[in-house]
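See below for the structure under consideration.
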Amino acid sequence: MKSLLFPAVAGMLTAMSGAAFADTAVSAVTDLNVRAGPGPQYPVIGVLAAGQSATLNGCMENSKWCTIAEAGGQGWVYSDYVTADFGGSRVVLTQRRSSVAVVSPPEDIGNYSTDYTGAIVGGEPVEDAFPPPPPEIRTYVDTHRLDPVYLDGEVVTGATLPDTVELREIPDYNYRYVYVNGQPALIDPQTRRIMYVVR
C-alpha cells in the first residue's frame, strides 16, 4: 500500500510537559490511520504505512493516543501499533508510556463523544497480505454506507471486533463489512478479524 502524506493540521499540538522522551523516531507496525485528534471519532487525515517512520511528539496522559509529525504534517495515532527504540530494542509505545513526553489534549476534545460501545481487540497484522477487493466490492461498500460503530481502539488489519458489532453481508462475497470508527472494513465472519481496511 502506498503511504499517504497527511496535510498539516494547524494548532493541533500543544506544549510538552514532563521530563520524558519527545522527538523520538517511531514507526508503524501496520498501516495505521493518522487522525486529526486523539480518538476514533476524529477524521482520518492520512495513513502511516507499515514500517514508515515519523517523529513522536508525545502522548496524552492516561490515553493511548499520541501525536506525531512527519514530512507531510502532524496528526494523532493509536500507540498500540507504533514502536520506538528503547535501549536498543524495538518496543510497542504503549508498553513504555512512562518514557514518553506528555501532551495536552486539543481544546476541541470536549466536542467529541468518548462513549464507545466496546473495544477493538488488538491482534497481529494479517500475515499474508489480503489482496485489494475487486472494484465492485469497493463500489458496493461505498454505495451501501452504514452508520459507523465507534469502538475504543483503531481500525487495523488483524484486529478483532467484539461480538456486539453487527456485520453486513456483501452479495456473493466471503467477507462481511462494517463502518468502524468512520472507516469501512472487510471482516472475516468466522473469526471477526479485520482483513482489509477500505481507504
* Any residue in the range 179-192 that is part of a loop (DSSP other than H, G, I, E, B), under 15 Å from the mean Cα position of the chain (by Cα), at pLDDT 85 or above and closer than 22 Å to Tyr42 by Cβ? -> yes
* Can you find a residue in the range 161-176 that is assigned to a strand (DSSP E or B), at pLDDT below 95 and buried (at least 17 other Cβ atoms within 10 Å of the Cβ)? -> no
* Asked: Is the range 142-153 home to any residue that is more than 27 Å from Val29 (Cα to Cα), outside the structural domain of Pro40 (by TED's automatic domain parsing) and crowded, with 17+ Cβ neighbours inside 10 Å?
  -> no
* Asked: Among the residues of the range 75-96, is any in contact with a Pro (Cβ under 8 Å, 6 or more places away or on another chain), part of a helix (DSSP H, G or I) and modelled with pLDDT under 80?
  -> no
* Considering every residue within the range 133-149, establish whether at least one is under 18 Å from the mean Cα position of the chain (by Cα), modelled with pLDDT of 90 or more and within 26 Å of Gly39 (Cα to Cα). => yes
* Subset of the range 23-48 [of a type in the set (Asp, Glu) and within 13 Å of Val155 (Cβ to Cβ)] -> Asp31
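The values are calculated or read from the model by the stated rules, or taken from the named source; none is laboratory data. As the structure is a prediction and not an experimental result, all values here were calculated from the model. Cβ coordinates were reconstructed from backbone atoms using ideal geometry, including for glycine residues, and neighbour counts include every protein chain displayed.
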